[in-house]
Amino acid sequence: MKNQNFDAKARSPWTPLKGVNKISVSPSKGRINGTVTIPGSKSLTNRALIISSLANGKSKVQGILKSDDSFWCLDSLKKLGVNVEIQGDTAFIEGNGGKWESGNLYIGAAGTIARFLPGALAVSGTGIWELEASKSMSKRPVSPLVDALKELGAEITYLSDRGYYPLLVQGKQLNGGEVELSGRISSQFISGLLIASPYLNDPITINIKDYIVQHSYVLLTLELMKKFGAKVKYDSNLKEIVVYPSKYTPQDINLEADVSTACYFLALAAVTNGKVRIDNLTCETKQPDIKMIDILERMGCKVTRGSSFIEIQGVSQLKGGFEISMREMSDQALTLAAIAPFADEPITIKDVEHIRHHESNRISVLVDSLSRLGIIVEEFKDGLKVYPGNPKATLLDTHDDHRVAMALSLIGSRVEGIQINDPGCVSKTCPQYFELLGKLGLNIIKH
């Protein structure tokens, strides 16, 4: 099976699986029992890097994620004239107050940069930039953000299809005012506008005209903005957000581990009747995917919520027989769907229609993949229902989507001969994913 979606240009030098066409994942010979240290949060890394660069002076950001998405973010910032030094997982960033150098930027497949960078450039006063994205990112909409920025007077032009990358952005002095924005497709549009907002000449009021698919990620943005000195005001349901003119100030900050990545290893413990401890994460995190541990508990697993760790003890038979809204933790819809065949009753996942617009049409891809495995599955507009079954060995396509690859790999922890096509796409979020699975005991073979 040749992966038609593969985009070699989007893979960064931080990809450890160059030249690997597929990976076989097979069950461990012994019981899974181990501890994992999870790399830094992808969401927080790119927010912190861009906000630090908008600040005037030197920030220290510890615990960054070194992945494709953060590589292209750093690459863009360097081309914009920001002095960046990386030591291990710490970034030292000499922010230039948002006075960027003109040029052409390539952002890879990073949804965070695609939604966070245009606003930061548009408010810079001067400069002109051509922004190119990967093939998959160029199929994902950007118009809600661009429309809102244009309403404020920004000069942004679509260089190909209207509503999509590539873009031409011209820096201007922008005034504030009142703007309406949808949060129905992605919360990143709201975060992208927010990050740029302190650099407007006047206060801005952002009104959410429908609903936000993931409130928590907007709250993460607002909290990080406040850490860097932004003046913001918002209500608890985030229907109205006000940002006042100010400048970000340099900070020394520590980023949390990536909860979305941690969930695959917790699900691994659940589905294999094993035990996995994440040693650098607690339930106090504001990252929304932490709610996945409540689902695993509902499925019969034992959860230990430590002061500096989280541990999951699996069970011999996972419990199903429930329907769940995963709108706020939609990245884990795929994880739950991948382990659902091993539950004792069907599991229905609802309220995730927006994941059809991610790196792939994730609902359709999962339905197709589970069907190939011989699992009965029903597809809905906003989700899917997965029935218990015995998956059969097969080769599965990742559709150049890191979450598809990571979730489907979990099936190999129970089924001999699961093969994952184009496994290198995991470098978008967790380049060492398969290495970590191997360390926990799974049999990983590169082809």
In the range 211-228, how many residues are of a type in the set (A, V, I, L, M, F, W, C), in a loop (DSSP other than H, G, I, E, B) and either under 16 Å from LYS42 (Cα atoms) or touching a strand residue (DSSP E or B) at 6+ places or on another chain (Cβ under 7 Å) (or both)?
1
Counted residues in the range 225-237 being at pLDDT 95 or above and either hydrophobic (A, V, I, L, M, F, W, C) or surrounded by fewer than 16 Cβ atoms within 10 Å (Cβ to Cβ) (or both) come to 9
Out of VAL259, VAL271, report the one residue that is over 19 Å from the mean Cα position of the chain (by Cα), at pLDDT 95 or above and surrounded by 24 or more Cβ atoms within 10 Å (Cβ to Cβ).
VAL271
Could you check, for the range 53-71, whether at least one of its residues is of a type in the set (Asp, Glu), surrounded by 24 or more Cβ atoms within 10 Å (Cβ to Cβ) and farther than 15 Å from MET225 by Cβ?
yes
I'd like to verify a number: residues in the range 26-46 that are aliphatic (A, V, I, L, M) and closer than 30 Å to LYS226 by Cα, how many?
2
For the condition buried (at least 24 other Cβ atoms within 10 Å of the Cβ), under 18 Å from LEU54 (Cα atoms) and modelled with pLDDT of 95 or more, what is the one hit in LEU200, LEU193, LEU222?
LEU193
Checking LEU238, LEU181, LEU193 in turn, the sole residue that is in contact with a Leu (Cβ under 8 Å, 6 or more places away or on another chain) and in a helix (DSSP H, G or I) turns out to be LEU193
Within the range 25-55, considering residues that are part of a strand (DSSP E or B) and not hydroxyl-bearing (Ser, Thr, Tyr), the one nearest to LEU219 (Cα to Cα)
GLY40
Hits in the range 219-241 (condition: among the hydrophobic types (A, V, I, L, M, F, W, C), over 20 Å from LEU121 (Cα atoms) and without any contact (Cβ under 8 Å) to a residue 60 or more places away in the chain):
VAL232, LEU238, ILE241
Based on this model, can you work out whether ILE349 counts as closer than 30 Å to VAL142 by Cβ, in a strand (DSSP E or B) and in the same structural domain as GLU435 (by TED's automatic domain parsing)?
yes
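The values are calculated or read from the model by the stated rules, or taken from the named source; none is laboratory data. As the structure is a computational prediction, the values presented were derived from the model and not from experiment. Neighbour counts are summed over all protein chains in view; Cβ atoms, including those assigned to glycine, are modelled from backbone coordinates with ideal geometry.
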